[in-house]
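Just so it is clear, none of the values below were taken in a lab; they were calculated from the coordinates. Owing to the predicted nature of the structure, the values given are computational and were not obtained by experimental measurement. Neighbour counts are summed over all protein chains in view; Cβ atoms, including those assigned to glycine, are modelled from backbone coordinates with ideal geometry.
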Amino acid sequence: MYSVLTGLGYAVPDRVLTNVQLEQMVDTDNEWIVQRTGIRERRIADASTATSDLALAAARSALADAGVSAAEVDLIIVATVTPDYAFPATACLIQRELGAWNAAAFDLEAACTGFIYGLGIADQFIRAGTYRTILVIGAETLSRITDYTDRNTCVLFGDGAGAAVLRAGEEPGLLGLEIGADGRGGELLVLPAGGSRNPASRETVAARRHYIHMAGREVFKFAVKIMEESALRVLARAGLQPGEVDLIIPHQANARIIDSACKRLGIGRDRVYVNLDRYGNMSAASIPVALSEASARGKLKPGDYVLLVGFGGGLTWGAAVIKWNKEAKHD
Ligand code: ACO
């Protein structure tokens, strides 16, 4: 029994925030951002759009792509660090809006690695025979936790959502997956206030502690190393060499991280899908949006080997190898 990706979908807000617009907000410049990150613009949700709105649009599109009805969904997993509320779970809001009354629903938090964690959990339920149809969503409105007075972080992040439908099938499928964590690096990427450690107060708001705080250089080093290591492990488990990968979909944090990791793996730029120039880093949404976009643009054909690899707050990481068996679809 394999988990097979039968449907994909994504949604991004219409509003574009360009590097040139950011020049008006903080002491930065377009050239610095492009050279150091590869990002040119990102999407920002309007005030009335929450994470669940983007997630719902992505979920509807993935279900339609899979030809699956809401009633057939057994489980909904939403990976996010920007849920609508601490509770109820964003996944329960999606269940309600879809009318997916047969589905269990929960959120998971593994920062930018959340979607791969979600795939790993879904795969376990499918291979155990517990569930047949699972919706895995990565969705974020990072603009809500981004400090637009901090040039070190505000140029990096954007909003969006991507979704995948996994179904039980006889043909591969998900060939291998690993998830991992190193909590010793937890302080490198943190939203310091708003939880039980530092509940929201006038002081936490005044100190701007409800925004992402990041030690960029350390995260960068961790990312390059772990992407190579976990990709190699997961490929070995699937009996594949890096040279056999048809398309790699890396987490979209920084073009230099992607370039360094792919160079170490010996995977040329022509086999790497990059969309961070248009969207920036959307945390848990980055990988499913890129996968969905790559599929919609006809970059994947049946029989292709696709490698997903990501890292993020926690620190966490994950990688997955998929044998693609969906016919290419076009926008
Ligand atoms: N515009 C202009 N200058 C800037 C900007 C900016 N937007 N941001 C930083 N600088 C300056 C710094 O202040 C620093 O100046 P200084 O030397 O006078 O102090 C200089 O540029 C160089 O800073 P570095 O931090 O060395 O720049 P670096 O090349 O490392 O790039 C970056 C910084 C882009 C943040 C990089 O480290 C990075 O991408 N790190 C990884 C981040 C990441 O992947 N996060 C993912 C997780 S997100 C999640 O899980 C929610």
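Tabulated results
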{"quantity": "Only Lys, Arg (+1) and Asp, Glu (-1) charged, at Cβ; the chain dipole about Cα centre in debye", "calculated": "440"}
{"quantity": "Largest-first ellipsoid semi-axes for the range 217-274, taking √(5λ) over the Cα gyration tensor eigenvalues, angstrom", "calculated": "19, 13, 8"}
{"quantity": "³J(HN,Hα), Karplus 6.51/-1.76/1.60, whole Hz, each residue of the range 132-145, x for Gly, Pro", "calculated": "10, 9, 10, 9, 10, 10, x, 9, 8, 10, 5, 4, 6, 10"}
{"quantity": "Built amide H within the under 5 Å cut-off of Gly176, gap 5+", "calculated": "Val321"}
{"quantity": "Compactness relative to 2.2 N^0.38 Å, alpha carbon Rg of the range 176-323", "calculated": "1.15"}
{"quantity": "Using alpha carbons only: equivalent-ellipsoid semi-axes of the chain, gyration tensor based, whole Å", "calculated": "29, 24, 18"}
{"quantity": "Amide proton proximity set for Asn102, modelled H, under 5 Å, gap of 5+", "calculated": "none"}
{"quantity": "Cα-based Rg and Dmax for the range 251-329, where Dmax is the largest Cα-Cα distance (Å)", "calculated": "12.5, 36"}
{"quantity": "As computed over the range 2-172, the Cα convex hull volume per residue (Å³)", "calculated": "117"}
{"quantity": "Selection from Phe220, Gly280, Ser295 lying farthest towards where the dipole of the range 146-299 points positive, charges on Cβ", "calculated": "Phe220"}
{"quantity": "Charged-residue dipole, Cβ positions (Lys, Arg, Asp, Glu), the range 60-205 about Cα centre, Debye nearest 20", "calculated": "220"}
{"quantity": "Ranked Ser52, Ser201, Ser61, Ser196, criterion: other C-beta atoms within 10 Å, fewest first", "calculated": "Ser196, Ser201, Ser61, Ser52"}
{"quantity": "Karplus-derived 3J(HN,Hα), 6.51/-1.76/1.60, for each residue of the range 298-304, Hz, glycine and proline x", "calculated": "x, 7, 10, 10, x, x, 5"}
{"quantity": "Radius 9 Å from Cβ of Thr51, net charge of other residues (Lys, Arg +1; Asp, Glu -1)", "calculated": "-3"}
{"quantity": "Column: log10 I(q)/I(0), Debye, Cα scatterers of the range 124-169, q = 0.22, 0.23 Å⁻¹", "calculated": "-0.74, -0.77"}
{"quantity": "P(r) tail fraction, the range 5-61 - alpha-carbon pairs more than 15 Å apart, %", "calculated": "60"}
{"quantity": "Under 12 Å, Cβ to Cβ, from Thr133 - net charge with Lys/Arg +1 and Asp/Glu -1", "calculated": "0"}
{"quantity": "Sorted by Cβ neighbour density within 10 Å, fewest at the top, the residues Lys323, Lys221", "calculated": "Lys221, Lys323"}
{"quantity": "Proxy reagent accessibility, fewest Cβ within 10 Å first, across Ser143, Ser295", "calculated": "Ser143, Ser295"}
{"quantity": "Per-residue [θ]222 nm for the chain (sum of -39500 (n - 2.57) over DSSP H runs n ≥ 4, rounded to 500)", "calculated": "-9500 deg cm²/dmol"}
{"quantity": "Vicinal HN-Hα couplings computed from phi for the range 12-19 (Karplus, 6.51 cos²θ - 1.76 cosθ + 1.60; Hz; Gly/Pro x)", "calculated": "10, x, 6, 5, 9, 10, 8, 4"}
{"quantity": "Kyte-Doolittle mean at least -0.5, axial Cα span of 18 Å or more - DSSP H helices of the chain", "calculated": "51-66, 114-127, 216-237"}
